[in-house]
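Below is one structure; the comments refer to it alone.
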Amino acid sequence: MWFLLEKTQHSYTLSERLLRAIQFTSDQSGEDLEDLINQGAAVNQLHGTLLPLHCACMANDVRALKILLDRGAHINSYDGCHRTALHHAVEQSPSCVALLLRYGADTELRDMNLNTPLHWAAFKNNALCVRLLLQNNANVDAIDANHDTPLSWAAMRGNLESVEVLLEYNACVKTRNYNGFSPIQRVALILATGLNTPKDDRCFQLLLRAHGQFNVSKLLRALPGAMLQDSVLGDYTLMYAHTPRSLLCQCRFAIRISLGQCQLPNVVKGLHIPDPLRNYLLLDA
């Protein structure tokens, strides 16, 4: 019995050392991961809320991540916060994301609020990670616990680069969350404060081009009246309230919807239509 207890304690101590070695991997005097694992460090041992694999992603340590995966770390395991390694990696490390995807990480696993890794990549505006996930068949219209999509998460921060990639993969622009907000209304909230940046303005314009019929009254009802005073949004709403959406714009919306979830540039270039129309479908005009 004492032998078993001592062996368990020894393994746990080694696993703690493994976690520290990953956290301080830049310290050349640190312990070698391979040696610790060979001595019995458990690569799937949870310490507090952390797993070694998740820690490697948080440290943006691709070398440690590969060692752990090669030595049996469970790629889709949840940590103490109910997040996978991929949830952590998409926030900051395209290199870790690429490696996890190559090893077969599941892009559709959810955290406690039903957010996928794509939600977090869009929220953090890590557009390269957004693209990597979508190239590996992540659901561009995944719904979280508040019925928000990754596009909604990107829009609420005015994350233009992520919005561009999501629309390139034909994300739905009209999904509303349980508070009644669509992605364009998320950006409208930023514009209504008067604290918007040029990127916020471009984000709003891009989402507007992706819409077909656009109901200005619904947009206004979602915002406090005082927020529309002296703001860019006031100018936008006045302009579109007096300018009905063209038939051409509504046809663009209908065609994009009919194409479904896909990388639109690859699909559109195969259509037998003039280049100006291709550009129009891709929101370049």
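Quick look at the numbers
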{"read-out": "Gain on full stretching of the segment that runs from GLU108 to LEU248 - 0.36 nm per residue minus C-alpha separation", "value": "46.8 nm"}
{"read-out": "Note, ³J(HN,Hα) from phi for segment 76-93, Karplus 6.51, -1.76, 1.60, rounded to Hz, x at Gly and Pro", "value": "9, 5, 8, 8, x, 9, 6, 10, 8, 4, 5, 4, 6, 5, 5, 6, 8, 10"}
{"read-out": "Amide H contacts under 5 Å for VAL173, placed H, 5+ residues apart", "value": "none"}
{"read-out": "Per-peptide average of other Cβ atoms within 10 Å, ordering 244-253, 185-194, 140-149 highest first", "value": "185-194, 140-149, 244-253"}
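Every number in this text was worked out from the coordinates using simple rules, so none of it is lab data. Quantities reported herein were computed from a predicted structural model and do not represent experimental measurements. Methodologically, a virtual Cβ is constructed for each residue, glycine included, from the backbone with ideal geometry; neighbour enumeration extends over all protein chains shown.
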